[in-house]
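Coordinate-derived values only; no laboratory data. Predicted, not measured: the structure shown is a model, and the values here were computed from it. Note that we place each Cβ from the backbone using ideal geometry, even for glycine, and neighbour counts take in every protein chain shown.
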Amino acid sequence: MARVAVVYGTTEGQTAAIAERVAGVLSDAGHDPVLLHAAHLPAEFSPDGYDGWVVGASVHYGRHQRYVARFVRDHVATLDRVPSAFFSVSLTAATGTPEADATARELLDGFLTETGWTPDLTAVFPGALKYSEYGLLTRFVMRRIARKHGGGTDASRDYEYTEWDAVERFAAEFAGLLAER
């Protein structure tokens, strides 16, 4: 059994939901996951004592959360010593076109270059349109983007695009990496 830190950054909650699903799969595989919001780490937090790391962040306005990038930069030596994985959550990935997939992957690769981290496993997951969480300006901008790319534009409801089977496969693959080491 491995003790695994599942650290995430989230804006409207979709990345948190994905992190929770990852933790559930790891727990079902016999590991001990600890969910940690990167912006709200407990006072007693120490990067020591974890046998593996999964970090997740979402993309907003072409960037992952700065506080997640800072967390990774601050702990990159620890992250690189044990099995580690990174997942990026992006509405860009929801369109499913080769161009959009390439853009989502470029954003993920940019994060890794910026932080200097080389995780063992990476993934990009489609996020969600959370109109109920947006302010007026963000709702307007997101509807325009959704219309342009064929997403949901009815701002009276939210749209979830996350492929939960892919999330579970990612977590299971990471559980396998932990078992190998």
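Below are the figures for this structure:
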item: Stretch gain in nm, segment V76-D51, where the contour uses 0.36 nm per residue and the Cα spacing is subtracted; result: 7.6 nm
item: Using alpha-carbon coordinates, inclination of helix 66-81 to the longest axis of the chain, degrees; result: 30 degrees
item: Highest-MSF residue in the chain out of L137, L36, L107 [GNM, Cα springs under 10 Å]; result: L137
item: More than 18 Å apart - percent of Cα-Cα pairs taken over the stretch 129-181; result: 49 percent
item: J(HN,Hα) series, the stretch 86-100, from Karplus relation 6.51 cos²θ - 1.76 cosθ + 1.60, nearest Hz, glycine and proline x; result: 10, 10, 10, 10, 8, 5, 4, 5, 6, 6, x, 8, x, 5, 5
item: 0 to 90° range, to nearest 10: angle between helix 136-149 axis and the chain longest Cα axis; result: 90 degrees
item: Helix 164-180 axis, angle to the chain major axis (alpha carbon atoms, nearest 10°); result: 20 degrees
item: Charge dipole (debye, nearest 20) of the stretch 28-181; +1 at Cβ of Lys and Arg, -1 at Cβ of Asp and Glu; result: 940 debye
item: Radius, Kirkwood style, for the chain when every pair of distinct Cα atoms is counted (Å); result: 16.6 Å
item: Protection-proxy order for peptides 95-101, 8-14, 164-170, each taking the mean of Cβ atoms within 10 Å per residue, highest first; result: 8-14, 164-170, 95-101
item: Under 5 Å, built H, 5+ apart or other chain: amide partners of S58; result: G9, Q65, V89
item: Listed residues P83, H64, P119: farthest to the positive end of the dipole of the chain (Cβ charges); result: H64
